Amino acid sequence: MESSTFTLLFAGALLASLAIKFWLATRQMRHVAAHRDQVPAAFASTVTLEAHRRGADYTLAKGRFGLLATAFGSLVLLGWTLLGGLDALNQALLSTVQPRVGNMAYQLSLLAAFALIGSVLDLPFELYSTFRIEQRFGFNRMTPKLFIADLLKNTAVGALIGLPLAALILWIMGAAGKLWWLWAWGAWMAFNLVLLVLYPTVIAPLFNKFEPLADVALKERVQTLMQRCGFAAKGLFVMDGSRRSAHANAYFTGLGASKRVVFFDTLLQRLSPGEVEAVLAHELGHFSHRHVQKRMAGIFGFSLLGLGLLGWLSTQVPFYEGLGISPNMNAPNDALALLLFMLALPPFAFFVSPLMAHFSRRHEFEADAYACAQASGQDLANALLKLHEDNAATLTPDPVYVRFYYSHPPASERLAALALATH
């Protein structure tokens, strides 16, 4: 395959995905703006016009900012690839670092430098999103000091975990022969499983405080529900999510004996005990239907296909040259191949996202139905309305945008399904 073919395929996928993203975003914003001043009939008795307008304005603000971020991200992607940014970084490190410290250290330095530059480029967008958009709508509770502390912790954790994993993958690529990608996939799967076990007790506490659920009545209610559903957890914990945001949530984390239930403190402050039970029943619905395992199987399957493809592409000179890289095929190009593949894949993977969103929405409906069987469907509907209002989620999203992006069904569809399930 000629290098020009790789260039055309990549450029075509990038332009097509960018055009669709802009088309969908503008559709969403026009649709939300057109319905800003009237609460949908289904919510007229439960949602005020002021709350509805706030949700619309929040959606529009994020949409406009998202267009800017998308355009900038596409320019950065072009800069790294066809405009020669990654090639320039690689050549600089190849001539200065590799002769002094050897191949492995050179390749790790390439990965680290790329990650560092990417983080610096993303930082202004994170700052604006947190301290302007989230602040404007009353969601941000992050202080500059806490933001910097999180940034440093994330960098340290990323280095402590990422660099050894990268070194292992690079070693496998260089030592395991043509089927290195199969061994690398096994290492990647093992890493993810270990991370699921360690995250709740080792990593998450670095960023948030987790305290045992102190409300005795609620604790008994939740434990009764879990026993009824056949779910065993190591503990029930409350997380200080209010330190950073007013958004509310609840989730399961961990694997096997390390599983735990985590409630945001903001969730417990807003919902009644019955509503908390219904939200937890929804999460238990995911457990009952084995949604997490199905999603993990999908991720592992796609990663196997991706690594298999990379195993072939990494030996093709046109792959490098077509994406703006001048490789030295007599020197290790493993880190370079990994980075180039990670950069080139998203424009193509974008076209699979509607399928993934479809299955995710279907899982949410299944979990809602399970919650109605194990708890009060009316409590779940009330909780959803409160969370939609508190999170300023729009009640009038564009239907096409929903089908392409939404991992959860819009409120109107979920509440309609809950009404049918409870009658």
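The values are calculated or read from the model by the stated rules, or taken from the named source; none is laboratory data. Remember, it's a predicted structure, so these values are computed and weren't measured experimentally. Every residue, glycine among them, receives a Cβ derived from its backbone with ideal geometry; neighbour counts consider all protein chains shown.
For the range 56-98, the candidate set comprises residues that are β-branched (Val, Ile, Thr) and more than 23 Å from the chain's Cα centre (by Cα); within that set, the residue that is nearest to SER17 (Cα to Cα) is THR81. Here is the figure for the range 32-61: residues that are in a helix (DSSP H, G or I) and crowded, with 19+ Cβ neighbours inside 10 Å total 7.
Being more than 20 Å from the chain's Cα centre (by Cα) and within 27 Å of SER303 (Cα to Cα) is a description that does not apply to LEU355. Tell me yes or no: at least one residue of the range 96-114 is of a type outside the set (Ser, Thr, Tyr), without any contact (Cβ under 8 Å) to a residue 40 or more places away in the chain and closer than 27 Å to PHE350 by Cα. The answer is yes, given that some residue of the range 96-114 is of a type outside the set (Ser, Thr, Tyr), without any contact (Cβ under 8 Å) to a residue 40 or more places away in the chain and closer than 27 Å to PHE350 by Cα. If you check ALA16, ALA51, ALA41, which single one turns out to be modelled with pLDDT under 95, among the small types (Gly, Ala, Ser) and more than 25 Å from GLN135 (Cα to Cα)? One residue alone meets the criteria, ALA41.
Of the helices (runs of 4 or more DSSP H) lying entirely inside the range 351-421, the ones with 3 or more residues being modelled with pLDDT under 90 and more than 23 Å from THR266 (Cβ to Cβ) are found at 411-421. Evaluated against (1) of a type outside the set (A, V, I, L, M, F, W, C); (2) under 23 Å from the mean Cα position of the chain (by Cα); (3) surrounded by 14 or more Cβ atoms within 10 Å (Cβ to Cβ), GLY186 falls short on exactly one condition, (3). Residues of the range 320-341 that are within 24 Å of PRO164 (Cα to Cα) and exposed (fewer than 14 other Cβ atoms within 10 Å of the Cβ): ALA331 alone. In the range 51-74, the residues that are closer than 17 Å to LEU385 by Cβ reach residues that are acidic (Asp, Glu) and surrounded by 18 or more Cβ atoms within 10 Å (Cβ to Cβ) with C-beta atoms within less than 7 angstrom, at least six apart or across chains, in these pairs: ALA51/GLU389.
Table: residues versus (1) surrounded by 15 or more Cβ atoms within 10 Å (Cβ to Cβ); (2) within 25 Å of ALA371 (Cα to Cα); (3) touching a residue at least 12 places away in the same chain (Cβ under 8 Å); (4) small (Gly, Ala, Ser).
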{"site": "LEU193", "(1), (2), (3), (4)": "no, no, yes, no"}
{"site": "LEU213", "(1), (2), (3), (4)": "yes, yes, yes, no"}
{"site": "LEU218", "(1), (2), (3), (4)": "yes, yes, yes, no"}
{"site": "ALA233", "(1), (2), (3), (4)": "yes, yes, yes, yes"}
{"site": "GLY241", "(1), (2), (3), (4)": "yes, yes, yes, yes"}
{"site": "ASN249", "(1), (2), (3), (4)": "yes, yes, yes, no"}
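When the criteria are applied in full, SER376 fails the requirement of being of a type in the set (Gly, Ala, Ser), surrounded by fewer than 21 Cβ atoms within 10 Å (Cβ to Cβ), under 26 Å from SER303 (Cα atoms) and out of contact with any strand residue (DSSP E or B) (no Cβ under 9 Å at 6 or more places or on another chain).
Quick check on ASP122: is it charged (D, E, K, R) and farther than 22 Å from GLY174 by Cβ? Yes; evaluated as a whole, the condition is true for this residue.
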